[in-house]
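Everything on this sheet refers to the single structure shown next.
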Amino acid sequence: MELSVNHLLGIKYITEADIQLIFETADHFKEVINRPIKKVPSLRDITIANLFFENSTRTKLSFELAEKRLSADVINFASSSSSVAKGETLIDTVNNILSMKVDMVVMRHPNPGAGIFLSKHVNASIINAGDGAHEHPTQALLDSYSIREKLGDVAGKKVVIVGDILHSRVALSNIFTLQKLGAKVKVCGPKTLIPKYIEKLNVEVETNLRKALEWCDVANMLRVQNERMDISYFPTAREYSQQFGLNKAMLDSLNKEIVVMHPGPINRGVEITSDVADSKQSIILGQVENGVAIRMAVIYLLASKIKHNED
Amino acid sequence: MFAESNSDFPMSQKVLLNATEINIALNRLACQLIEKHDDFSKTVLIGIQPRGVFLAERLKTLLETEYKIKNIQLGYLDITFFRDDFRRSGKPLEANKTKINFIVEDKNVVFIDDVLFTGRSIRSALTAVQSFGRPLEIELLTLIDRRFSRHLPIQPDYRGRQVDAINGEKVKVCWKENEGEDAVYLVKS
């Protein structure tokens, strides 16, 4: 088995079989990262460039750790401290880096489709680590992988994605992943933060959080992305949290135990209260551990498609 | 008797070991292990995935039932991520499960695999096992030792049968629990 693609640009472009292969490979890597020595030598002749044109803490750390656990050589680039500030174009920046014999590029960029554009112009395997409000495929993969780990399977499960759907690449990638794996998806949030086209994706909209939670098996609570909000989409954070924030009282009043997820970073007290984030039903820290295993799997599977002699 | 059991098999094959001969070899290997490792209190067996696991399970059962040795520790080691032919072989490498629920630190480790050919799998296993500690000593047990085919200076400490096979030939080990019979074939392509 191998992936049907040479790049991971978005979940939209991969198949269900690809997702299952990534999950099965991640199972092996999860065992590896729980060993006394957490490193394997598979990628010792591969060089990976992490290009982050937008801020990131955990995704960047997670990718870097995954790369190092596979023994790849890693170079890091952050746009704030680079020649991008001097006006260099994306292709020039990347081609300069590729001249240093880089095999794979992990890129986060504020513009939707930046990864796709890059994959058409440079000769390296591209992994999209988030492109604007478009996709964030590895986050969605690790979310579904965490659901599979917790509930045994993703197929047939009911998942509600709560919060800022409009600005969220995590929401879009999650919808594609969950639907490909056979889960039912609803979104819930203020009407101003639900995109108009969402029903075309076969996703139902629920504006009442309690109803959404009573329906679901899993609630994925997204972060309120203040930095992307050019206008006021809701009156105050306090009002948002009263209508769409998940607190312990609401969680305990449901007639079943649901799984609570959050892609991080958490605005504690806005979309989710501290006692919920730290409760037994929350798998937030499990998601972070699974993130490394999933990224190792993606990098390993894409690297195995780079032919040795083409170096 | 076994050579004809797969009459629709396109390649010609000949029997190297039949069920009785395998049984004799397994008993001999078990006795050799006892001679060296006594009650196995400082020894762990590690089956190399995927094919070494059947042989390792068989030896463990034999040691426990026929020779009354209790509490033999057995693990499975997958070497996929430690192989030296990543991106060099035509087909993608698929991993198997590693299951080692003990620490190999200061233990006598016995690697168990069905066929020793180039020695590259064992080299990978030597690296892979380091993730679980520093063994006192590592030995190698194989059912079939293909002579004159080594790429590396690796030899077995315990062998069931030594075989001369040329490069185009393949040694196929079948187990009752997997293929429905105990037999070793030399397959000519």
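The values are calculated or read from the model by the stated rules, or taken from the named source; none is laboratory data. Quick caveat, the model's predicted, so the values are computed rather than measured. A quick note on method: Cβ atoms are made from the backbone with ideal geometry, for glycine too, and the neighbour counts reach across all protein chains shown.
Take the stretch A:1-12 and flag every residue that is within 24 Å of A:Ala183 (Cβ to Cβ) and more than 14 Å from chain B (Cβ to nearest Cβ).
A:Leu8, A:Leu9, A:Gly10, A:Ile11, A:Lys12
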_Members of the stretch A:285-297 that are touching a helix residue (DSSP H, G or I) at 6+ places or on another chain (Cβ under 6 Å) and either away from chain B (no Cβ under 14 Å) or farther than 21 Å from A:Ala140 by Cβ (or both)_ = A:Gly286, A:Gln287, A:Asn290, A:Gly291, A:Val292, A:Ile294, A:Arg295
*asked:* Filter the stretch B:48-80 down to the residues that are small (Gly, Ala, Ser) and in contact (Cβ under 8 Å) with a residue 60 or more places away in the chain and list them by number.
replied: B:Gly52
*From the residues in the stretch A:10-53 that are closer than 18 Å to A:Ala293 by Cα and among the acidic types (Asp, Glu), which one is surrounded by the most Cβ atoms within 10 Å (Cβ to Cβ)?*
A:Asp18
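Residues are listed down the side, and each one gets a yes or a no for (1) modelled with pLDDT under 90; (2) closer than 18 Å to A:Thr57 by Cβ; (3) touching an Asp or Glu at 6+ places or on another chain (Cβ under 6 Å):
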site: A:Ser79; (1), (2), (3): yes, yes, no
site: A:Thr93; (1), (2), (3): yes, no, no
site: A:Leu98; (1), (2), (3): yes, no, no
site: A:Ile116; (1), (2), (3): no, no, no
site: A:Gly130; (1), (2), (3): no, yes, no
site: A:Glu135; (1), (2), (3): no, no, no
*Could you please give the count of residues in the stretch A:197-220 that are part of a helix (DSSP H, G or I) and closer than 20 Å to A:Leu166 by Cβ?*
7
*Looking only at the stretch B:58-71, decide whether some residue is within 9 Å of chain A (Cβ to nearest Cβ) and either at pLDDT below 90 or over 27 Å from B:Asp182 (Cα atoms) (or both).*
no
*Pick from A:Ala212, A:Ala249: which is among the small types (Gly, Ala, Ser) and either under 19 Å from A:Leu172 (Cβ atoms) or touching a helix residue (DSSP H, G or I) at 6+ places or on another chain (Cβ under 8 Å) (or both)?*
A:Ala212
*Looking at the stretch B:102-114, is at least one residue away from chain A (no Cβ under 14 Å), closer than 30 Å to A:Lys307 by Cα and of a type outside the set (Ser, Thr, Tyr)?*
yes
*asked:* Can you tell me which of (1) modelled with pLDDT of 95 or more; (2) charged (D, E, K, R); (3) farther than 30 Å from A:Leu302 by Cα is the one A:Lys184 doesn't meet?
replied: (3)
*Would you check if B:Arg150 is part of a strand (DSSP E or B) and farther than 14 Å from B:Ala56 by Cβ?*
no
*What are the residue pairs meeting all of these: first residue in the stretch A:33-58, first residue under 30 Å from A:Glu227 (Cβ atoms), second residue basic (Lys, Arg) and surrounded by fewer than 21 Cβ atoms within 10 Å (Cβ to Cβ), Cβ atoms under 9 Å, and 6 or more apart or on different chains?*
A:Asn50/A:Lys60; A:Phe52/A:Lys60
_I need the full set of residues from the stretch B:128-145 which are charged (D, E, K, R) and buried (at least 20 other Cβ atoms within 10 Å of the Cβ), in order please._
B:Asp145
*Could you pull out every one of the strands (runs of 3 or more DSSP E) wholly within the stretch A:13-127 that has 1 or more residues that are within 14 Å of chain B (Cβ to nearest Cβ) and either farther than 29 Å from A:Ala183 by Cα or not acidic (Asp, Glu) (or both)?*
A:47-52, A:104-109
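Per-residue answers, yes or no, for (1) at pLDDT below 90; (2) in contact with a Lys or Arg (Cβ under 7 Å, 6 or more places away or on another chain):
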{"position": "A:Leu246", "(1), (2)": "no, no"}
{"position": "A:Leu251", "(1), (2)": "no, no"}
{"position": "A:Gly264", "(1), (2)": "yes, yes"}
{"position": "A:Ala277", "(1), (2)": "no, yes"}
_Subset of the stretch B:115-153 (residues that are farther than 14 Å from B:Ile48 by Cβ, touching a strand residue (DSSP E or B) at 6+ places or on another chain (Cβ under 7 Å) and either within 14 Å of chain A (Cβ to nearest Cβ) or free of Cβ contacts under 8 Å to residues at least 12 places away in the same chain (or both))_ = B:Pro135
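Conditions tested, residue by residue: (1) within 17 Å of the chain's Cα centre (by Cα); (2) small (Gly, Ala, Ser); (3) crowded, with 17+ Cβ neighbours inside 10 Å.
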position	(1), (2), (3)
A:Met1	no, no, no
A:Ser4	no, yes, no
A:Thr59	yes, no, yes
A:Leu65	yes, no, yes
A:Ser71	no, yes, no
A:Leu90	no, no, yes
*Among the residues of the stretch A:26-39, which ones are under 26 Å from A:Ile75 (Cβ atoms) and either touching a strand residue (DSSP E or B) at 6+ places or on another chain (Cβ under 7 Å) or modelled with pLDDT under 95 (or both)?*
A:Val32, A:Ile33, A:Ile37, A:Lys38, A:Lys39
